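The values are calculated or read from the model by the stated rules, or taken from the named source; none is laboratory data. Just so we're clear, the structure is a prediction, and the values are computed from it rather than from any experiment. Here the Cβ is made from the backbone with ideal geometry for all residues, glycine too, and neighbour counts use every protein chain on show. Note: areas computed on protein heavy atoms with side chains; ligands, DNA, RNA excluded. Shrake-Rupley method; radii C 1.70, N 1.55, O 1.52, S 1.80 Å.
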Amino acid sequence: MKDDFIFGLRPVLEAIEAGKTIDKIFVQNALQGPIYAELKTILAKNKIRPNYVPIEKLNRFTRKNHQGVVAFISDVPFHRVEDIVPQLFEEGKTPFLLILDRLTDVRNFGAICRTAECVGVDAIVLPEKGAAPINSDAIKTSAGALYNIKICKEPNLAHAVDFLQQSGISVFAATEKAQKLIYDVNFTEPCAIVMGNEETGISKEVMHHSDEKIKLPIEGKTQSLNVSVACGAILYEAVRQKMIAASNL
């Protein structure tokens, strides 16, 4: 954990100016002062949205003199989905994206990234807030796959879904409340698959904006799968369909 974060006004400011990728930044409520004003300006310039929190939360990260600011650094660069999608079409690819809605467990996240990279997912889309940190644990669990797949961080996932749909990409939301099984939809066209939070699933807003709801068949008494396992099963059904479609060309 200590390798993943820095603290203090000037160190955080200098890290951003040096081009470090900020995964998350926490700022003490009502923080003031000239250096913070400078930091606030550079945050806005780089479109980095801080999380304003009470000092007690910052003290849980470190007992050292954090000066009201703690930033988590990622070795993985972040992208925007509006930049990635046009590039995929220009390259002649059929976009295949994965959206993770507020997934918080680092190990689940890392495992999903590993599977996603193995099956050829073009990019993983995350919310700027409420997502698992992209830290050394995530990279380790992904077996390094996070270095080989594009990660998009978006301020509003519902807006990102709208953009994908306007770009001709179908968005499938995975939920046990769906009527359709994953075998009843077409993954061979441009598509994005949404997986939700481990406890609460996909948010109502993102669910509402999605094109279709899909589910895995559950035959046993346990009514749900671990999100990483469920995601792997869905992604490999998409791969199966794509392989069959390619063999029929």
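The figures follow:
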read-out: Hits in segment 75-120 (condition: charged (D, E, K, R), in a helix (DSSP H, G or I) and free of Cβ contacts under 8 Å to residues at least 12 places away in the same chain); value: 83, 90
read-out: Total residues in segment 26-56, condition open to solvent by 40 Å² or more (accessible area, probe 1.4 Å) and more than 23 Å from the chain's Cα centre (by Cα); value: 13
read-out: Number of the condition not met by residue 132 [criteria: (1) under 16 Å from residue 194 (Cα atoms); (2) open to solvent by 10 Å² or more (accessible area, probe 1.4 Å); (3) not β-branched (Val, Ile, Thr)]; value: (2)
read-out: Residue in segment 145-152 that is part of a strand (DSSP E or B), assigned by the TED database to the domain that holds residue 195, without any contact (Cβ under 8 Å) to a residue 60 or more places away in the chain and farther than 20 Å from residue 197 by Cβ present; value: no
read-out: Pick from segment 195-223, criterion in contact with a helix residue (DSSP H, G or I) (Cβ under 6 Å, 6 or more places away or on another chain) and under 12 Å from residue 99 (Cα atoms), ranking: surrounded by the most Cβ atoms within 10 Å (Cβ to Cβ); value: 195
read-out: Of the criteria (1) closer than 22 Å to residue 132 by Cα; (2) not in a helix (DSSP H, G or I), which one residue 205 fails; value: (2)
read-out: Qualifying residue in segment 221-236 (condition: part of a helix (DSSP H, G or I) and among the charged types (D, E, K, R)); value: no
